[in-house]
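The values are calculated or read from the model by the stated rules, or taken from the named source; none is laboratory data. Small disclaimer: the values here were computed from a predicted structure and weren't measured. Here the Cβ is made from the backbone with ideal geometry for all residues, glycine too, and neighbour counts use every protein chain on show. When the accessible area is computed, the model is the full protein with side chains, heavy atoms only, and any ligands, DNA or RNA have been set aside. Shrake-Rupley method; radii C 1.70, N 1.55, O 1.52, S 1.80 Å.
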Amino acid sequence: MSYTMKVLEKVIQQNPNEPEFHQAITETLTSLQPFVDAHPEYERAGILERLCEPERVIIFRVPWVDDSGKVHVNKGYRVQFNSAIGPYKGGIRFHPSVSLSIIKFLGFEQVLKNSLTGLPMGGGKGGSNFDPKGKSEREIMAFCQSFMTELYRHIGADTDVPAGDIGVGEREVGFLYGQYKRIVNSFTSVLTGKGISYGGSLTRTEATGYGLVYLLDEMLRQHGNSIENKTVVVSGSGNVAIFAAEKAQQLGGKVVALSDSNGFIYDPEGIDLSVVKEIKLIKRGRIYEYTDYRKKAVYTEGSRGIWGIKCDIALPCATQNELNGDDARELVKNGCFAVCEGANMPSTSEAIKVFLENKVLFVPGKAANAGGVAVSGLEMSQNAMRTAWTFEKIDRKLKEIMINIYNNIANVAKEVGQEDNFVVGANIAGFKKVADAMLRQGIV
Ligand code: NDP
């Protein structure tokens, strides 16, 4: 058995009951196998064993009191996965499904993603099984403050810099940052995704969605195609989905669907994003409310059905494993030729196989959604320089980074004889930089 497969087997055996983590390392290690096995120095230095074992895992109790005076306890996590190329960096997720397995899969992906941005950031991820849905503003604040009261001792501007993710937007980052600052009495760049008035970066809110579409646009351009007049389906209706849809529309695409965890909307005339923003960003409502504003739009229960809509381009921007093999076959049957992942691991392994076999231009999340963390990296730079760049400047840099990521993963795929296999390209390109830094830093 090859070195890579031996490590994979052992890591799975040593980390039972972590299906999402198994899925992420299986996808990555399987595609890295020929490359790693051709470089015995990685085996000699135990690179894969070290890459798959987080440097540190912190699990803690988060007690908080609801508006009726009842005490609740949630689990808090921070997985500091790899700091070979920079301080740990990665978001915090608040969602009832959060488990150690989910945080580890996200942290592992983050290591390679951050490497792809070209910026000096290691990988980490955190979160809690707290459900922010239906909670009052005071309850959210109480939870964030309690979460940070433990987390603060493990993070720092040069150690670990968390950000938002599902369930953690600017409001939550504000509460987390306020509590951090109060405890340590220091105004540092310890979180990104902050509000503009206290050190946040312009373009951060838009960055993941815009970045996704910049990469898509470049990939299509290099294949003699474009987004113009293409029908686009975007899943989710959160931060990533809304701004992916916005950029796709700006580049001439027709976005016809969005979803949430209950169902999806289809608007044959094209989604009106001002309505979606009002429902989701201002009222914090549900996506079905869209049909109150747009009479030709249809709402269907069950979010998976979104993949049955005929489209040219699909952008899964909701959550892990939201698109399975059957969904992928349906997309291919309906003529979809490009899929870029805005979410982390939204496609199951079977779905990815279907895309690759059918020559769909498929870009995995670790490359396609790296724009968010890239602009977080730029937020860190601005904070360190005590300056604030303009929206245009950051947007330009974001576009440059996404084009570089595309060229990097496309070139690597070509070099290893797998042209247009961006899964292989992203994994090798992301891995190489981290592994080479680890080789030079000794056995640590
Ligand atoms: P948000 O919390 O802003 O939005 C998540 C959206 O996905 C919500 O609309 C949610 O609906 C919906 N959703 C959740 N589960 C499902 C499902 N099973 N089917 C359909 N829709 C669903 O999160 P983000 O937009 O920030 O994150 C989305 C994805 O992008 C995640 O995988 C995240 O890790 C990834 N990502 C985010 C980055 C960022 O900068 N924010 C950066 C890189 C990756 P509901 O309200 O019903 O829960």
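Of the numbered conditions (1) in contact with a strand residue (DSSP E or B) (Cβ under 9 Å, 6 or more places away or on another chain); (2) surrounded by fewer than 18 Cβ atoms within 10 Å (Cβ to Cβ), Asn17 fails exactly one; give the number of that condition.
(1)
When Leu106 is evaluated against the numbered criteria (1) among the hydrophobic types (A, V, I, L, M, F, W, C); (2) in contact with a Ser or Thr (Cβ under 9 Å, 6 or more places away or on another chain); (3) under 21 Å from Val11 (Cβ atoms), which criterion, by number, is the only one it fails?
Going through (1) among the hydrophobic types (A, V, I, L, M, F, W, C); (2) in contact with a Ser or Thr (Cβ under 9 Å, 6 or more places away or on another chain); (3) under 21 Å from Val11 (Cβ atoms) one by one, Leu106 breaks only (2).
Answer yes or no: is there a residue in the range 205-221 that is aromatic (Phe, Trp, Tyr), within 12 Å of the ligand (Cβ to nearest atom) and modelled with pLDDT of 95 or more.
Looking through the range 205-221, at least one residue is aromatic (Phe, Trp, Tyr), within 12 Å of the ligand (Cβ to nearest atom) and modelled with pLDDT of 95 or more.
Identify the residue in the range 377-392 that is free of Cβ contacts under 8 Å to residues at least 12 places away in the same chain and open to solvent by 70 Å² or more (accessible area, probe 1.4 Å) and, among all such residues, is nearest to Asn421 (Cα to Cα).
Glu392
How many residues, within the range 15-39, are more than 17 Å from Val434 (Cα to Cα) and of a type in the set (Val, Ile, Thr)?
Going through the range 15-39 one residue at a time, the tally reaches 2.
For residues that are in contact with a Pro (Cβ under 7 Å, 6 or more places away or on another chain) and open to solvent by less than 10 Å² (accessible area, probe 1.4 Å), scanning just the range 122-171, find the one that is nearest to Lys75 (Cα to Cα).
Per the criteria, the residue is Gly126.
Would you check if there is a residue in the range 317-326 being surrounded by fewer than 18 Cβ atoms within 10 Å (Cβ to Cβ), hydroxyl-bearing (Ser, Thr, Tyr) and in the same structural domain as Ala245 (by TED's automatic domain parsing)?
No: the range 317-326 contains no residue that is surrounded by fewer than 18 Cβ atoms within 10 Å (Cβ to Cβ), hydroxyl-bearing (Ser, Thr, Tyr) and in the same structural domain as Ala245 (by TED's automatic domain parsing).
Yes/no matrix, rows are residues, columns are (1) more than 9 Å from the ligand (Cβ to nearest atom); (2) open to solvent by 20 Å² or more (accessible area, probe 1.4 Å); (3) at pLDDT 95 or above:
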{"residue": "Gly263", "(1), (2), (3)": "no, no, yes"}
{"residue": "Gly270", "(1), (2), (3)": "yes, no, yes"}
{"residue": "Val275", "(1), (2), (3)": "yes, no, yes"}
{"residue": "Glu278", "(1), (2), (3)": "yes, yes, yes"}
{"residue": "Leu281", "(1), (2), (3)": "yes, yes, no"}
{"residue": "Arg286", "(1), (2), (3)": "no, yes, yes"}
{"residue": "Thr291", "(1), (2), (3)": "yes, yes, yes"}
{"residue": "Tyr299", "(1), (2), (3)": "yes, yes, yes"}
{"residue": "Trp307", "(1), (2), (3)": "yes, no, yes"}
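Residue-by-condition table, conditions (1) crowded, with 24+ Cβ neighbours inside 10 Å; (2) more than 11 Å from the ligand (Cβ to nearest atom); (3) acidic (Asp, Glu):
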residue	(1), (2), (3)
Lys295	no, yes, no
Gly302	no, no, no
Ala314	yes, yes, no
Val339	yes, yes, no
Pro346	yes, no, no
Glu350	no, yes, yes
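Looking at the range 199-213, can you tell me whether even one residue there is in a loop (DSSP other than H, G, I, E, B) and more than 21 Å from Gly342 (Cα to Cα)?
yes
Exactly one of these conditions fails for Phe35: (1) open to solvent by 10 Å² or more (accessible area, probe 1.4 Å); (2) hydrophobic (A, V, I, L, M, F, W, C); (3) out of contact with any helix residue (DSSP H, G or I) (no Cβ under 6 Å at 6 or more places or on another chain); (4) not in a strand (DSSP E or B). Give me its number.
(3)
Name the residue, out of Gly69, Gly91, Gly122, that is outside the structural domain of Ser261 (by TED's automatic domain parsing), within 21 Å of Asp158 (Cα to Cα) and without any contact (Cβ under 8 Å) to a residue 60 or more places away in the chain.
Criteria check complete, one pass: Gly122.
Return the residue satisfying two criteria in turn: it lies in the range 74-108 and is part of a loop (DSSP other than H, G, I, E, B) and of a type in the set (Ser, Thr, Tyr), and of such residues it is farthest from Val57 (Cα to Cα).
Going through the qualifying residues, I end up with Ser97.
Go through the range 356-376 and give me each residue that's assigned to a helix (DSSP H, G or I) and surrounded by fewer than 24 Cβ atoms within 10 Å (Cβ to Cβ).
Of everything in the range 356-376, those that are assigned to a helix (DSSP H, G or I) and surrounded by fewer than 24 Cβ atoms within 10 Å (Cβ to Cβ) turn out to be Leu356, Glu357.
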